[in-house]
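Novice: Take a look at this one; I'll ask things after.
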Amino acid sequence: MTKKNILILKFPYSSLFGGGEQHTLDLVERLQQKQWQFYLLSSCKVLLGEFKKRGWQARFLWGGKEPVSKITILFFPLLAPFILLQMLVFVMYYRLFRRAKILYCLSLTEKILITPFAFALGMRVIWMEHVGAGRWLHLNPYRFLYVWWSKLACVVTVSQHSRQSFLDIGIPTSRIKVIYNGVDMEKWGGIETRVADPTKAYVIGFIGRLVKEKGVDILLKAARDVRDILPQLRLLIIGSGPERGSLEWLTRKLELTEQVRFVGFQPELEKWIQHLHVLVLPSTGRESFGTILAYGLASGVPVVGSNLDGIPEIIDHGKTGYLVTPGSVQELADTLIHIFHHYNEALALARAGRAKVTEHFTLERMASEFETLFS
């Protein structure tokens, strides 16, 4: 069977492993088993490393940093001609010699620079948006280029909330498609969750990047209040990021060092999630979907998430999990105490959530929708 070739471009502001990177890896792994061949051209060390680890086609190309901060926006006009020139050379190479017919763009730089040229070369251009159109785009002086060139691309978002945010800045309705993130049910759905008695050790978990908008500081403050009532509380923080140092300092300040454990980035999350009684995503900003909550529900773990952005598309409050007001320490603490005292109820909601994930958020469904889009 002749392979159909797709070129992926990514030139991020910073290189961290998160939901977007996992999404890319899951998509490539699943579709390369069929009729698709992917090539990565990027400056993202994390994604390049993951591709090379798997023996996939990947090549480093400097593309500067995304113009999403004051400094990178200021210098972008000076760097753009050089970035565009080398990007154009490589895109032409992959189009003519690798016969890549689809350009899959993951960051702002290539979306506003190379899209019209790729379109002129006969490539179908896909813009993948893992976050909504927030301040990084609303206040960006290059927003007009994004809106203008979106007419030549298909913009894929991961939630209805995210879709609406792009409609609000002027992206044509016909150019936007929602494809929900997918969960590998063979990996996550087969986990036998350890439902130990929470009265002995009540294990609450957070999984994600340690950045401000994830709200881990809110979780720590809530954990202090819960600890005062439930001394058997244990909090597991799984992930890495620039806020780890300040969060460890806050842990000491709140006198939680005996209850809280930071374990850093863990590649095999399924081995950790099975030991949680509750999975919490206490985000305070920019949470387009919250894939980790879908992982938790697929594994049968009760979940708590902020009533924010795309999270309510996963969690139906009181039906598949619990929603709390973003930034509310008291509400989060009260919810965690409620779950402890009504754990059978929480497990029933998790089972309902698993059924929802199986119906709407599987990796098979996601890959199938992308395959239809690429075709």
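The values are calculated or read from the model by the stated rules, or taken from the named source; none is laboratory data. Model, not experiment: these values are computed from the prediction. Please note: Cβ atoms are built from the backbone with ideal geometry, for glycine as well, and neighbour counts cover all protein chains shown.
Novice: Evaluate segment 344-361: report whether one residue or more is among the acidic types (D, E), under 21 Å from the mean Cα position of the chain (by Cα), more than 22 Å from I229 (Cβ to Cβ) and assigned to a helix (DSSP H, G or I). Write out each step before concluding.
Specialist: Let us first name the residues in segment 344-361 that are among the acidic types (D, E), namely 345, 359.
Subsequent filtering for residues that are under 21 Å from the mean Cα position of the chain (by Cα) retains 359.
After this cut, where a residue has to be more than 22 Å from I229 (Cβ to Cβ) as well, the list is 359.
This time we only want the ones that are assigned to a helix (DSSP H, G or I), so: 359.
The answer is yes, given that some residue of segment 344-361 is among the acidic types (D, E), under 21 Å from the mean Cα position of the chain (by Cα), more than 22 Å from I229 (Cβ to Cβ) and assigned to a helix (DSSP H, G or I).
Novice: Looking at L40, L47, which one is assigned by TED's automatic domain parsing to the domain that holds Y93, within 14 Å of the chain's Cα centre (by Cα) and either surrounded by 22 or more Cβ atoms within 10 Å (Cβ to Cβ) or aliphatic (A, V, I, L, M) (or both)?
Specialist: Numbers: L40 fails: within 14 Å of the chain's Cα centre (by Cα).
Result: L47 is the single residue among L40, L47 that is assigned by TED's automatic domain parsing to the domain that holds Y93, within 14 Å of the chain's Cα centre (by Cα) and either surrounded by 22 or more Cβ atoms within 10 Å (Cβ to Cβ) or aliphatic (A, V, I, L, M) (or both).
Novice: Out of the residues in segment 238-281 meeting the condition of being part of a loop (DSSP other than H, G, I, E, B) and either of a type in the set (S, T, N, Q) or not assigned by TED's automatic domain parsing to the domain that holds E213 (or both), tell me which one is surrounded by the most Cβ atoms within 10 Å (Cβ to Cβ). Working first, answer last.
Specialist: Our first condition is that a residue be part of a loop (DSSP other than H, G, I, E, B); within segment 238-281, this holds for 239-243, 254-259, 265-269, 274-277.
Retained after the next criterion (residues that are either of a type in the set (S, T, N, Q) or not assigned by TED's automatic domain parsing to the domain that holds E213 (or both)): 240, 257, 259, 266, 274.
Details: S240: 17, T257: 11, Q259: 21, Q266: 14, Q274: 16.
My answer is Q259.
Novice: Check L78 against each of (1) touching a residue at least 24 places away in the same chain (Cβ under 8 Å); (2) outside any loop (DSSP other than H, G, I, E, B) and name the one condition it does not meet.
Specialist: Tallying (1) touching a residue at least 24 places away in the same chain (Cβ under 8 Å); (2) outside any loop (DSSP other than H, G, I, E, B), L78 fails exactly one: (1).
Novice: A further question follows. In the list L336, L281, L332, which residue meets the criterion of being in contact with a helix residue (DSSP H, G or I) (Cβ under 6 Å, 6 or more places away or on another chain), under 27 Å from T24 (Cα atoms) and not charged (D, E, K, R)?
Specialist: Criteria check complete, one pass: L281.
Novice: Search segment 82-96 for residues that are in contact (Cβ under 8 Å) with a residue 12 or more places away in the chain and pair each with any residue that is in a helix (DSSP H, G or I) when their beta-carbon atoms are under 7 Å apart and the residues are at least 6 apart or on different chains.
Specialist: The qualifying pairs are I83/T109; I83/L113; L84/L113; M87/E110; M87/L113; L88/F117; V91/F117; V91/A118.
Novice: Could you please find all residues in segment 125-163 being charged (D, E, K, R) and either more than 29 Å from T291 (Cα to Cα) or in contact with a helix residue (DSSP H, G or I) (Cβ under 8 Å, 6 or more places away or on another chain) (or both)? Can you show your working first?
Specialist: Initially, segment 125-163 is screened for residues charged (D, E, K, R), giving 129, 135, 143, 151, 163.
Scanning segment 125-163 gives E129, R143, K151.
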